[in-house]
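A short write-up of the structure that comes next.
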Amino acid sequence: MDDLLLQDAYNLHKPVLGICYGLQSLNVYRAGSLVQHIESAINHSAGRAVPKAHSVTIEPESRLAEIVGASQTVAVNSSHHQSAAAAGDGLRVVARSAEDGIIEALEGTAPAHFVLAVQWHPERSVNDGPELAESARAIFARSLKRREPSTRNWREWLSPPGVSGAPGVLARPRRFRRLRRTGEDARHSTNS
């Protein structure tokens with residue numbers, strides 16, 4: 001199921017925000033690898049009870065740094081025992097645990113497509129102190145920001161990125177067939 005959702009998000013250039021397992025799922029979908037069980041002195045599986053489990057170092061030139069307004073270190077919660085080992089195709093590492101180097105955030109390399117995945121849970125921090133809440137709110141606000149309308153027609157939306165005129169996964173959306181069929185059914189029922 002995750003693969004289908006990610007495939008549609010990539011084909012249709014929909015924004016992608018992965019949280020915790022979402023980072024892992026995105027990375028595997030993009031042919032990356034995982035650390036199956038983190039061996040570290042840092043407790044990455046601290047859970048909900050610890051709002052500031054550890055800190056992450058964010059790459060200064062990343063989209064994540066732009067979003068959270070930080071170019072160095074941010075405190076995060078933590079609730080995972082797996083992590084990305086190597087970034088998948090079209091992804092880059094943009095944050096690591098400051099203490100042990102575990103990958104904590106990935107983002108897409110295509111500038112026109114918002115793809116961000118974080119290993120921590122920003123949704124748990126929106127009501128915490130400013131150090132945690134401001135960056136959490138910024139991540140959600142940016143992921144929800146509407147894209148500018150495109151001038152591409154619907155056939156181009158259904159084509160894979162970079163492939164002009166080729167039919168995409170949804171070569172003929174069901175809703176269009178259903179609407180057309182409903183219209184035809186309505187015409188036939190009035191003629192009978």
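The values are calculated or read from the model by the stated rules, or taken from the named source; none is laboratory data. Computed from a predicted model, the values in this text were never measured in an experiment. All Cβ positions, glycine included, derive from the backbone under ideal geometry; neighbour counts span all protein chains shown.
Pairs only if they're at least six apart or on different chains, beta carbon under 6 angstrom, first in segment 9-35 and closer than 18 Å to TRP120 by Cα, second of a type in the set (Asp, Glu); list them, first residue then second.
Qualifying pairs under 6 Å: SER25/ASP2.
How many of the residues making up segment 88-107 are buried (at least 20 other Cβ atoms within 10 Å of the Cβ) and not polar (S, T, N, Q)?
We begin by selecting, within segment 88-107, every residue buried (at least 20 other Cβ atoms within 10 Å of the Cβ); these are 91, 94-95, 97, 102-107.
The next check asks that each one be not polar (S, T, N, Q); those that pass are 91, 94-95, 102-107.
Of the residues in segment 88-107, 9 are buried (at least 20 other Cβ atoms within 10 Å of the Cβ) and not polar (S, T, N, Q).
Here is a check on your reading of the model: is LEU64 under 20 Å from SER143 (Cβ atoms) and either modelled with pLDDT under 90 or among the hydrophobic types (A, V, I, L, M, F, W, C) (or both)?
Working: under 20 Å from SER143 (Cβ atoms): yes; either modelled with pLDDT under 90 or among the hydrophobic types (A, V, I, L, M, F, W, C) (or both): yes.
In short, yes.
Restricting to segment 66-87, and then to whatever is within 23 Å of LYS14 (Cβ to Cβ) and surrounded by 18 or more Cβ atoms within 10 Å (Cβ to Cβ), can you tell me which residue is farthest from the chain's Cα centre (by Cα)? Steps first, please.
Taking segment 66-87 first, the residues within 23 Å of LYS14 (Cβ to Cβ) are 66-68, 84, 87.
Those still in the list that are surrounded by 18 or more Cβ atoms within 10 Å (Cβ to Cβ) too: 67-68, 84, 87.
Numbers: ILE67: 14, VAL68: 16, ALA84: 14, ALA87: 14 Å.
Among them, the one singled out is VAL68.
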